[in-house]
Amino acid sequence: MGGTGLGPMPTDLLLASFSSCYALALAWAARKRGFELPDLEVTAIGTYEGQKFGSLLLSVRSSLPAERMAPLLEPAKRVCYVSNTFAHVPSLEVALAGDTDA
């Protein structure tokens with residue numbers, strides 16, 4: 001789209017913030033239950049649908065057995081700011097800088 005193609009796309013940064021926020025939320029949920037997730041990996045994948053993501057997938061990997069990881073997934077989703085933003089879409093306004101009415 002006229003750029004150099006050398007840096008991340010804004011959508012890459014959005015997905016990175018999603019996976020990072022959810023990883024922090026998972027670590028929080030694990031600590032509340034008395035254990036750590038030292039080898040946790042979270043990857044966010046977005047599928048484009050026109051000019052937006054039509055779907056988002058978080059892929060979670062850890063050496064912790066699935067039966068111990070599974071109970072952490074929903075609590076982490078509830079406390080992650082990014083997943084909450086996607087689940088409860090905020091209003092979006094655009095204003096010129098310095099506009100005090102916005």
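The values are calculated or read from the model by the stated rules, or taken from the named source; none is laboratory data. Quick caveat, the model's predicted, so the values are computed rather than measured. Heads up, the Cβs are rebuilt from the backbone with ideal geometry, glycines too, and the neighbour counts pull from every protein chain shown.
What the table shows:
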{"quantity": "Members of the range 57-84 that are part of a strand (DSSP E or B) and either touching a Cys at 6+ places or on another chain (Cβ under 6 Å) or basic (K, R) (or both)", "calculated": "R61"}
{"quantity": "Residue list for the range 53-89, restricted to those being within 25 Å of T11 (Cα to Cα), touching a residue at least 24 places away in the same chain (Cβ under 8 Å) and of a type in the set (S, T, N, Q)", "calculated": "S83"}
{"quantity": "Checklist (1) modelled with pLDDT of 95 or more; (2) under 12 Å from the mean Cα position of the chain (by Cα) applied to T47, failing item", "calculated": "(2)"}
{"quantity": "Scope the range 15-42; condition in a helix (DSSP H, G or I), small (G, A, S) and surrounded by fewer than 17 Cβ atoms within 10 Å (Cβ to Cβ); matching residues", "calculated": "A16, S17, S20"}
{"quantity": "Matching residues in the range 43-56 - criterion: being part of a strand (DSSP E or B) and either loosely packed, with under 10 Cβ neighbours inside 10 Å or among the small types (G, A, S) (or both)", "calculated": "A44, G46, T47, E49, K52, G54, S55"}
{"quantity": "Out of S83, S59, sole residue that is of a type in the set (S, T, Y), under 14 Å from the mean Cα position of the chain (by Cα) and buried (at least 17 other Cβ atoms within 10 Å of the Cβ)", "calculated": "S83"}
